Structures are given as C-alpha cells and as structure tokens.
Amino acid sequence: MDPSQVKIPPMKDLTVDNITENAIRMNSLCEDERTRYVLERLVTHLHDFAKETRLSSNEWMTGLRFLTEVGKICSDVRQEFILLSDVLGLSILVDSIDHPKPSGSTEGTVLGPFHTHEAEEMGQGDLMSHDKNGEPLLVVCTLKDTNGNPIEGVKIDIWETDSSGHYDVQHPDRQGPDGRCIMRSDKDGIFWFNAITPVPYPIPHDGPVGKLLKMLHRHPYRPAHMHFMFEKPGFDHLITALYLRNDPYETSDAVFGVKDSLTVDIGKAGPEYAKKYNVSEDHALLTYDFVLVSDAETRALREKNSKIALDKLGRKVKMVNGLPVPDLD
Ligand code: BEZ
Ligand code: FE
C-alpha cells in the first residue's frame with residue numbers, strides 16, 4: 001500500500017501505556033463494525049492479560065509452542081482447538097450466550113467432536129445401537145414448543161458411545177455407523193427408539209490438550225450422556241445431551257457440559273411402558289420432554305441479554321444483525 005494513502009494517525013514511541021490504543025487504531029479501518037468491535041475487545045483483553053500477569057517472554061513462547069502443537073494434531077477427524085475451547089469452558093459459555101433459553105425450555109450443551117453426517121434415518125422404535133454388551137435402554141421423548149404445542153417433523157440427530165465408551169468413528173475397523181441415528185418427531189411430537197444405557201468415557205487426551213489436563217491435575221472424563229440435536233426451520237437449532245444422575249463424573253465433567261435440567265434418572269419400564277413399547281417390565285427406561293424455542297424468541301432474548309450485560313459494563317451499544325456494536329451516535 002502506498003504510505004501516503006495510510007489514513008490512520010501516525011504512531012511513534014510505543015510504550016506499555018499506549019500500545020493497546022495504537023494496536024486498536026491500526027485495526028480501525030475495517031469497514032465491518034462488528035469485526036472492528038470484536039478485534040478491539042480481543043486486543044484490549046489480550047494486552048490486559050499480559051499486563052496483569054506480567055507475562056514473561058519465556059511463558060509466552062511456551063504458550064505459542066502449545067498452540068502450535070494444538071494446530072499440528074488437527075486433521076479432518078481431530079479438532080484439538082475445539083477440544084481446547086471445551087476444556088477451558090469457552091465452548092459452553094459461547095453456546096449459553098448465543099442460544100439463550102427462556103425458563104422451561106431445554107438447555108443446550110457442548111457438541112463435542114463425535115457428531116457425524118452419516119447417521120441413518122430410523123423409524124419409531126428402531127434399534128440405534130447394536131452393541132451386545134450394552135444394557136438395552138428404551139428412550140421415549142416428547143418435543144414441544146414453549147406454548148406446549150407438539151412439534152411435528154423435527155429432524156433429530158442422536159448419538160452415543162458403545163458400552164466401552166467409544167463412538168463408532170473411534171473404531172478403525174468399524175463397518176459403518178452405529179450408536180447414532182436420525183429420527184423425526186411424529187404429529188404428537190413424540191419420538192422413541194431403542195439404545196443402550198450410556199457410560200462415562202474420556203475425551204481424546206493423547207494430544208496437547210490431554211497434556212494440559214494432566215499438568216492441571218484434571219481428569220479427561222465426561223459423565224455418561226446421550227447427545228441430541230434438533231433442527232426445524234423457525235426454531236433455534238438445539239444441540240444438547242442428557243446426563244445420567246449420580247454418575248461419578250457428574251460434578252467434574254472435563255468439558256463443563258452438565259446442567260441440572262439435563263440430568264436424568266434411568267428407571268424401569270414398568271407395566272404401562274412394557275405393554276405399550278413391547279419390552280419387559282424391568283427393561284431400562286429413559287423419558288424426557290424436550291422444549292424448543294423459536295428463532296424469534298431466541299433472537300429477542302439474546303438481544304435483551306446483550307443489552308443488560310453491556311449496560312452493566314457501562315457500554316453504550318446498538319444491535320446490528322442481532323449482535324452488539326458500539327453506539328457512537
Ligand atoms: C462428547 O461428548 O462427545 C465430547 C464433548 C467435548 C469434547 C469431547 C467429547
Ligand atoms: Fe459425548
């Protein structure tokens with residue numbers, strides 16, 4: 001670029017006290033006001049982090065080497081950066097901000113790296129896990145909107161590990177998808193299927209994130225859970241999971257995904273379910289009523305929460321495409 005065309009004010013004699021302001025000014029020509037705002041806050045917090053910890057050059061090099069290792073192990077089937085974001089609690093924080101839930105609706109949780117696009121569509125009552133060593137589990141669910149109306153035709157992605165705590169994609173010799181399926185809710189908002197009782201398992205910990213956990217004396221385990229993802233135009237895309245109560249890792253999930261409202265008890269089918277779903281009375285049973293939030297409700301709540309949060313920080317903002325930017329008018 002021709003230096004005479006540079007529009008930003010000149011910088012000289014950069015110091016600890018003015019480097020932040022100057023770095024922000026350097027980024028200020030970006031036309032997109034949201035990008036400008038995100039970069040401004042990122043630079044501010046990064047600089048504050050260095051100033052507050054009195055970060056040494058050695059420590060920063062260690063951090064950069066760690067991030068390099070995180071990048072190196074990433075591939076089409078391994079996303080170590082997402083794992084890092086998960087174990088730092090950032091994934092669940094971003095999900096909670098971006099997909100706020102009015103009370104009474106189903107909360108979201110971490111997606112994790114084991115969702116695939118190869119699950120087969122199954123009908124009501126089908127068997128989604130063929131693991132003979134797993135404890136057979138009948139799962140019966142309803143799906144409603146926040147007014148209590150059943151929602152028909154929602155695409156529901158469901159996935160779980162086998163009884164050894166591995167997803168199908170973690171078995172190099174696998175024959176095809178297993179422990180996962182796609183279902184559609186019926187006219188009464190019901191979907192039901194046969195699965196196995198989930199077990200706890202460790203997140204991938206043979207890479208740099210695993211080393212980090214070890215250094216921090218943290219275990220890599222997730223409590224037993226089953227994943228669900230709901231999609232229907234007009235509704236906020238819901239990524240969630242159900243967690244088994246009293247799991248040994250219920251209160252120390254490596255990726256901070258457990259929520260009270262998503263914690264369930266596994267019961268027995270009993271006479272009524274046994275008859276209706278053709279299982280024995282002592283067959284394990286999981287029931288849950290999911291509640292989806294509309295796109296419009298989510299957007300309104302997200303904007304309201306943003307305004308409250310930024311007001312508390314004393315920031316004057318306006319909303320652009322549902323996201324806050326500084327209000328300079
Ligand atoms: C999972 O539940 O599949 C998962 C979530 C976050 C990181 C690793 C695995
Ligand atoms: Fe999982």
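Readers should treat all values here as calculations from the given coordinates under stated rules, not as data from a laboratory. Bear in mind that the values here come from a model prediction, so they are computed numbers and not experimental data. Don't worry about glycine lacking a Cβ; one is built from the backbone with ideal geometry, like all the others, and counts go over all protein chains shown.
Summary table below
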| quantity | calculated |
| --- | --- |
| For Arg36, Arg245, order by how many other beta-carbon atoms lie within 10 Å, fewest first | Arg245, Arg36 |
| The range 31-90: projected area of the alpha-carbon convex hull, averaged over directions, in nm² | 5.8 |
| Cut-off 16 Å (backbone N to label point 7 Å along Cα→Cβ of Ala296), residues of the range 145-187 | 145-149 |
| The range 6-145 - Rg over Rh from alpha carbon coordinates, Kirkwood radius | 1.12 |
| Fully extended contour minus Cα-Cα distance, from Phe66 to Asp17, at 0.36 nm per residue | 14.8 nm |
| GNM result for the chain, Cα springs below 10 Å: residue of Val77, Val209, Val255 fluctuating most strongly | Val77 |
| Charge dipole magnitude, Cβ of K and R +1, D and E -1 - the chain, Cα centre, debye nearest 20 | 940 |
| Charge tally in the Cβ shell below 14 Å around Ile151, where Lys, Arg are +1 and Asp, Glu are -1, Ile151 excluded | -4 |
| Per residue convex hull volume, Cα atoms of the chain, in Å³ | 190 |
| Phi to ³J(HN,Hα) by Karplus 6.51 cos²θ - 1.76 cosθ + 1.60 over the range 114-123, Hz, x for Gly, Pro | 9, 6, 10, 10, 10, 5, 8, 6, 10, x |
| Proximal charge balance of Met229 [Cβ under 9 Å; K/R count +1, D/E count -1] | -1 |
| For Gly134, net neighbour charge (Lys/Arg +1, Asp/Glu -1) across residues whose Cβ lies under 14 Å away | -4 |
| Mean ellipticity per residue at 222 nm, deg cm²/dmol - from DSSP H runs of n ≥ 4 across the chain, formula -39500 (n - 2.57) | -9000 deg cm²/dmol |
| Relative contact order for the chain, counting Cα pairs under 8 Å that sit 6 or more residues apart, in percent | 18 |
| Cα gyration tensor shape for the range 1-55, rounded if a/c is under 1.5, else prolate or oblate | oblate |
| Distance from the range 53-108 to the range 195-214 (C-alpha centre basis), Å | 15 |
